[in-house]
Each structure stands twice: as structure tokens, then as C-alpha cells.
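> I'd like to ask you about the structure that follows.
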Amino acid sequence: MKHSIHIGPLLRSMMRNKTRVLLLTVEIAVTVAVALNCSAMILQQLEVLRRDTGIAENELIGVEVRPWAADYQDFQYRQRIAREDLAAIRAMPGVRNATIINTFPLQGGGSSSLAGPLGSPREEWIRTPVYSADPQVFDTLGLEIVEGRGFRETDIPTEPGPYIANVVVTRDFADALFPEGNAIGQSIDTGGGEEYPDVIVGIVGHMFTPYGGGPMETRITFFPRLPSSTQRSQYLVRAEPGAVDQVYASLTQTFVNVEPRRAVALRTMDEIKAGGYIQNNLMVDIYTVVVLLLLFVTALGIFGITAYSVTQRTKQIGTRRALGAPKQAILHYFLAESTLVSLIGLGLGLIGAYGLNVLLVNHAGAPKLDPVLVLVGSLSLWMLGLLATWAPAQRASRLSPALATRTV
Amino acid sequence: MPMLYMNDVVKSYRTDLVQTRALDHVSLEIEAGEFVSVSGPSGSGKTTFLNVTGLLDTFDEGTYQLDGVDVSRLGDLEQSRIRNQKIGFVFQGFNLIPDLDIFDNVDVPLRYRGLSSKERKRRIDEGLERVGLGGRKHHLPSQLSGGQQQRVAIARALAGEPKLILADEPTGNLDSATAYEIMELLETVNEAGTTILMVTHDPGCAAHAHRQVHLLDGRLIDVREEAVPTLNLSQLPRVDESATAATA
């Protein structure tokens, strides 16, 4: 006994129930078009969230210090306390290194500047996020100097005011400024003009920090300084692997021991990062809700229409059973019907998805649809259709052939 | 070997409060080529009897052999195969699938049998020609009269070349002239060698059968030896409608 799927009569029957088929195919097509584009944007955001920052994120603790003593008005006092803080932190068990820095990387935004080769027209300058930190910043962040050198103690200015700085830049920034690859030793202008140029002394292999998108997120500049203001100082502490909790527990006391007249607040790098990626996380959440909602409504629609169809065709199912259809043939009939509707909906949906994608790529910075995503998405929607059909189809297959003789 | 052999078959319907015996120790033997009618008042168990005979429903006790095969305890697949290959059904309401044209309707049982498209086409064409609807293959059921629809249903039953045709009130929804035509068609089918078991409450239709049996309160009365034309159904004892409603 064969009970293979009878596509011909099934298609002809579907064509005579255009309204039902149209409702389902339109619903599936809209879901495919929107869900695929939303999924592409979710993947785009996840890629940003998972992007290698080049920073030893899991080993870092951020410390924000807010002093209230009048002594902090004095630049030299702030410099001395910064050095004492750093020495005390580095002496703590479990600490690998520490740095004082103007802005936490990955927190989103911060300080940036336009820069260009010295003497180049200002219109050609490139925007770069700027970090000011002490010489241990590279080891603390886990960044590798791939060319030239890092900072030395002698690079740090001893007085406030403009100065000729030795700077370290990322490889991406060095290549953007000097495409020939001869960045080391070159003078650049970050606003100081001919009088106070900056000199590139080192290049960091890779670093990424969220800054609202665009190429500047990997074009970064480091200045040597012990940055502190009268209101606030920020430190990054790198713990040995596995010692983060231990260091975190005793950090506040270390700061208080050096200078008790200040408030100390600690944050893990995850907490700092959450702020930098808040927009990305929000977009992922919104798109995910949209996709899940669409899938739920579509599944509900398929389930509802199939269940209604089974109820409407009770007598017909009984007749088919009486004429020799085994239970499985009835199940297969409804699954095949669902598959055909899904295929038509998918076909229309894919045309819609690519059309919508062109608009989103051109006007909203969305990524192009990845063929793998399209394939996986289409298969998933087909599976969803089958799952939504399964329960009513099972119910149909369990209907008694005796319904054929019943007056329904 | 009889085409149909039923011995002491019992079928009951149970609800929480009531148990209704729809078939009460029914025994019947039908030889190949016979034309047998089953009649009885409403609620007598005719439909249940047809359902059990056509393997559309199970029974509780007794034995039942169809064309030499004990069908008492078969699984769904095997029962479906027998329904498909050995039995042709003609229903009171025709039971054509409204979304399919006449050709596809007759094709339904043939597809379940897995015949080649060429063989299916041959049988469909032959069946529709035999009932006089060869030119209506691509009409929908809704475009045909009741009599024509019943002819299609007969063509569908015949296309499977069954050994037994079970007809459930085949003229119940037809006017008398059309009913007569359908009965003549069934007689022709029977003359060609197909066994027919027909459930009807119409004495006129029953008169076309070689043998008439009657159901009353789930019990079978074989009137093979009785004077059928003089039987007056209205003189039979009244049936408690409420007690037997579940069998309708």
C-alpha cells in the first residue's frame, strides 16, 4: 500500500481554495522578508558585540576615584598621588599591572581628535579616539606593540600645558595617515600646529573601541600622560588570570590607604562594556522581539488555518480514510499542503526580502543578505510551518473512517 | 468460500452512563456475486453494520471474514489496504471531494493503491464511460446533478475493481427517477460479478436485491426464505430512538 504525496491533485485543490492559500502565503512571505532582514541586522550587531577589541577584557577592573580634598587643585599633588596609587596597586597580590587613563576603552565614546600628517590640509585629517595614559597602558590593556616602542617615563610631561608628545597609534591609524607604511618617526598634527607636533614612536597591532560605528573605531591614538582632574581620576587594573575577584575585593582599601579623602567606585570590564554597547544590545533585543513575534504570529496563523481546515474537511478526511488512506497518508497530506504553501510563501518572501534588503542597505546601513542566512532562515520557516501543522494534521489522521457514513 | 462471513458479531457504544448494543450477535454469510439489501428502521443499527462490514469501525465480539481473510484484529495499514483493494463504497451523500474535479475524485482510491498513472487513467476513463460521464472529467462535483454525482461515486467505487461494493442508502438523496437509474446501474454492476451489500430503508430499492435482510434493535433477520414483497416495515415493533441514537 503506497501513500505517497499526491502533488498534482493537491495543487489543483489548493488553487480552488485561493483565499486560504493567499492568506497563508502572504503571511509567510511578509515574515520571510522582514525576519530575514531583521536577522541580518541582529547578526551585524552581534558581530560588533563579539568583535575582537584586542583588549584583555576579562582581566580588567575599572576604578573611578572622586577626591574632595583641596590638595587636588594642585597638579603636582595629583601627579604624586597617581604615582603612589599605581605603585600600591601594582604591589597588590594578583595584580599584573595598572594604568591611569583619561577614559575607559569600550565604554562608548570618550575623547577624540582630528589628526593628519604635519603640514597636510586640515580637510584631509582623520578623526581618531584619543587615550592619555601612563607608560604601562599597553601591558595593562593587553595591547601588543608591533613596531617602534611603547611609552617611557620620560615621555610624560612634568608640567601642564601644550607639549611635543611621543604618541603611539594603532596599525589602522598609522596606515590611514601614512599608506606607504613609514609611520614611525613621522610628525603629525593633532591641533598643536608646527609649534607642538606629535611624533609617532610606536604602533599597536590591533585595538577596537565602540565609537558610533565607522573606521575610526580602530584608528586610535595614545598620548603619554598621567591624566587626572580636580574632580576625577580613572585607573584600569589588570589582574592575573583567575585573580580578578581577589583583586576586586581589596582594591578599594588600597586606594583608601594611599589617600582616604576620596570616593572609590569599581566596575568590571563587562559593566563598562555594557555602556559602550548599549545601542547594539538594544537593537539586538528589538530585532529579536520583532522576529520572534513574527514567527509566533505566523505559526499561530498556520496552526489556526490548518485546524480550521481539518474541521471543515472532517467528512472529506473520513471519505479518504474509507477509500483506503491509512492514517499516515492523511498526516502526509496536510504536511505536504503546508510544505507547498510554505514554498510559495518562501518564494514570494525571498523576492520581498531581497527588495527590502536593497532599501535597507542603501538607506539604513544594513548588511547585505548572507546566502547562508537565507538558506537557514528559509529552512527554519519551512520547519516552523511543519511544526505548526503537525498537531492539527495529527488530529486529522486520527479521525475515524466511519465519519464517511455519518451525516456531518 | 463466502465473500463475507460474519459470526456472532457484537458492537456496543458506551457513554459514562449508558451502554447501547448496536449490533447484537449478528451472523451473516454472503456468497460472491450476491446482491443483498439490509433494511431496518432508523436506529436499528444499519449504519453500524455497514461501518463494521466496510472496516470503517471496529467490533467487540465475534468473527468476521472478508474474502477468506479474518479481518477481526487487523491494524490500520492492513485494514486500509483491504478497504482500498477489496471494497468499493457508495455513500448516501456521494462524498465527492468538492475541490477536486471528477477525474481526480475517481483517482483518489487509485492513488492510494499506488497504480501507475497510465493504469489509473485507463481505469478512470473506463469507469466514467461506464456510468455515462466520460465527457465530464474536468467538471467539479458542484457542476453536476445529484444523480450524476452518485454516478461518479459509483465510478470511483468501480475503478478499484473491488470484489464487494458497500452502498449506504445510495438513492437516499435522489428523486425517484434518478434513484431508479442508479439502482439499474448497480444491478448491471452486480450482473458483471461484483458482490453488492446495500443498506437502504427504501423497500423499492431493496426489491432490486437478490436477498433482503433486516436489522431490528441490532439483531439481524435474514428473510431469504420469506415473502419479501409483503413485508410491511411499519408493522415491526417500535424502536426506542433515544436508546439507539448513538448508532445513527
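> Confirm whether A:Leu11 is within 14 Å of another protein chain (Cβ to nearest Cβ) and assigned to a helix (DSSP H, G or I). Break it down stepwise before answering.
Numbers: within 14 Å of another protein chain (Cβ to nearest Cβ): yes; assigned to a helix (DSSP H, G or I): yes.
Taking the combined requirement at face value, the residue satisfies it.
> Please go through segment B:97-136 and pick out each residue that is within 22 Å of the chain's Cα centre (by Cα) and polar (S, T, N, Q).
B:Asn105
> Has segment A:99-108 got at least one residue that is outside the structural domain of A:Gln316 (by TED's automatic domain parsing), farther than 30 Å from A:Thr218 by Cβ, of a type outside the set (S, T, N, Q) and open to solvent by less than 50 Å² (accessible area, probe 1.4 Å)?
no
> Please state which one of B:Ser27, B:Ser12, B:Ser42 is over 19 Å from the mean Cα position of the chain (by Cα), of a type outside the set (A, V, I, L, M) and not in a helix (DSSP H, G or I).
Just one listed residue meets the conditions, B:Ser12.
> Could you check B:Arg81 against (1) open to solvent by 10 Å² or more (accessible area, probe 1.4 Å); (2) farther than 24 Å from B:Ser39 by Cα; (3) touching a residue at least 24 places away in the same chain (Cβ under 8 Å) and say which number it fails?
(3)
> When you look at B:Gly114, is it more than 19 Å from B:Ile182 (Cα to Cα) and free of Cβ contacts under 8 Å to residues at least 40 places away in the same chain, yes or no? Give the derivation first.
Values: more than 19 Å from B:Ile182 (Cα to Cα): yes; free of Cβ contacts under 8 Å to residues at least 40 places away in the same chain: yes.
Answer is yes for this residue.
> Hey, another quick one. For segment A:315-333, name all the residues that are among the hydroxyl-bearing types (Ser, Thr, Tyr) and either under 47 Å from the mean Cα position of the chain (by Cα) or not in a helix (DSSP H, G or I) (or both).
Listed by number, the list holds a single entry, A:Tyr333.
> Here's something else I'd like to know. What strands (runs of 3 or more DSSP E), lying completely within segment A:146-210, carry at least 2 residues that are without any contact (Cβ under 8 Å) to a residue 60 or more places away in the chain and within 34 Å of the chain's Cα centre (by Cα)?
So the answer is A:165-170, A:198-204.
> Among the residues of segment B:107-143, what is the count of those that are β-branched (Val, Ile, Thr) and either in a loop (DSSP other than H, G, I, E, B) or facing another protein chain (nearest Cβ under 10 Å) (or both)?
Number satisfying all stated conditions: 2.
> From the residues in segment A:62-110 that are charged (D, E, K, R) and touching a strand residue (DSSP E or B) at 6+ places or on another chain (Cβ under 6 Å), which one is nearest to A:Leu49 (Cα to Cα)?
By that ranking, first place goes to A:Glu64.
> Another question, if that's okay. Quick one: count up the residues across segment B:1-52 that are polar (S, T, N, Q) and touching a strand residue (DSSP E or B) at 6+ places or on another chain (Cβ under 6 Å).
Adding up the residues that qualify gives 9.
> Condition check: facing chain B (nearest Cβ under 10 Å) and exposed (fewer than 15 other Cβ atoms within 10 Å of the Cβ). Does A:Arg50 satisfy that?
no
> Additional query: Can you find a residue that is open to solvent by 40 Å² or more (accessible area, probe 1.4 Å), within 30 Å of A:Phe208 (Cα to Cα) and in a helix (DSSP H, G or I) anywhere in segment A:30-39?
Looking for residues that are open to solvent by 40 Å² or more (accessible area, probe 1.4 Å), within 30 Å of A:Phe208 (Cα to Cα) and in a helix (DSSP H, G or I), one finds none in segment A:30-39, hence no.
> Let me ask another. Could you run through segment B:188-211 and say how many residues are more than 14 Å from the chain's Cα centre (by Cα), under 26 Å from B:Ser42 (Cβ atoms) and not in a loop (DSSP other than H, G, I, E, B)?
Total satisfying the criteria: 3.
> For segment B:66-78: of the residues being open to solvent by 20 Å² or more (accessible area, probe 1.4 Å) and among the hydrophobic types (A, V, I, L, M, F, W, C), which is farthest from A:Ala325 (Cα to Cα)?
Step by step, filter segment B:66-78, then rank; the result is B:Val69.
> Return a yes/no flag: does segment B:122-134 have any residue that is at pLDDT 90 or above, touching an Asp or Glu at 6+ places or on another chain (Cβ under 8 Å) and open to solvent by less than 50 Å² (accessible area, probe 1.4 Å).
Yes, there is a match, as at least one residue in segment B:122-134 is at pLDDT 90 or above, touching an Asp or Glu at 6+ places or on another chain (Cβ under 8 Å) and open to solvent by less than 50 Å² (accessible area, probe 1.4 Å).
> Tell me whether segment B:50-65 contains one or more residues that are open to solvent by 30 Å² or more (accessible area, probe 1.4 Å), touching a Gly at 6+ places or on another chain (Cβ under 6 Å) and away from every other protein chain (no Cβ under 14 Å).
Checking segment B:50-65: not a single residue is open to solvent by 30 Å² or more (accessible area, probe 1.4 Å), touching a Gly at 6+ places or on another chain (Cβ under 6 Å) and away from every other protein chain (no Cβ under 14 Å).
> Just one of the numbered conditions (1) within 8 Å of chain A (Cβ to nearest Cβ); (2) free of Cβ contacts under 8 Å to residues at least 12 places away in the same chain; (3) of a type outside the set (Ser, Thr, Tyr); (4) open to solvent by 10 Å² or more (accessible area, probe 1.4 Å) is not true of B:Asp104; which one?
Looking at each condition in turn, B:Asp104 falls short on (4).
> Among the residues of segment A:367-381, are any away from chain B (no Cβ under 14 Å), of a type in the set (Lys, Arg) and assigned to a loop (DSSP other than H, G, I, E, B)?
yes
> Next question. For B:Phe94, only one of the following conditions fails: (1) of a type outside the set (A, V, I, L, M); (2) at negative phi; (3) within 13 Å of chain A (Cβ to nearest Cβ); (4) within 19 Å of the chain's Cα centre (by Cα). What is its number?
The one condition B:Phe94 does not meet is (2).
> Within segment B:8-26, count every residue that is on the phi < 0 side of the Ramachandran plot and surrounded by 14 or more Cβ atoms within 10 Å (Cβ to Cβ).
11
Matching residues to (1) surrounded by fewer than 19 Cβ atoms within 10 Å (Cβ to Cβ); (2) at pLDDT below 95:
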position	(1), (2)
A:Gly276	no, yes
A:Gln279	yes, yes
A:Leu292	yes, no
A:Ile302	no, yes
A:Gln312	yes, yes
A:Gly324	no, yes
A:Phe334	no, yes
A:Glu337	no, yes
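> Can you tell me which residues in segment B:191-206 are open to solvent by 10 Å² or more (accessible area, probe 1.4 Å), touching a residue at least 40 places away in the same chain (Cβ under 8 Å) and over 11 Å from B:Thr171 (Cβ atoms)?
Answer for segment B:191-206, where residues must be open to solvent by 10 Å² or more (accessible area, probe 1.4 Å), touching a residue at least 40 places away in the same chain (Cβ under 8 Å) and over 11 Å from B:Thr171 (Cβ atoms): B:Gly193, B:Thr194, B:Pro203.
> Moving on. When A:Leu343 is evaluated against the numbered criteria (1) of a type outside the set (Lys, Arg); (2) closer than 18 Å to A:Pro392 by Cα; (3) in a helix (DSSP H, G or I), which criterion, by number, is the only one it fails?
Unmet for A:Leu343, out of (1) of a type outside the set (Lys, Arg); (2) closer than 18 Å to A:Pro392 by Cα; (3) in a helix (DSSP H, G or I): (2).
> Any idea how many residues of segment A:67-114 are modelled with pLDDT of 90 or more, hydroxyl-bearing (Ser, Thr, Tyr) and in a helix (DSSP H, G or I)?
Residues that pass the stated criteria total 1.
The values are calculated or read from the model by the stated rules, or taken from the named source; none is laboratory data. Just so you know, these numbers come straight off a predicted model, no measurement behind them. Virtual Cβ from ideal backbone geometry, glycine too; neighbours counted across all protein chains shown. Surface areas here come from the heavy atoms of the whole protein model, side chains and all, with no ligands, DNA or RNA. Shrake-Rupley method; radii C 1.70, N 1.55, O 1.52, S 1.80 Å.
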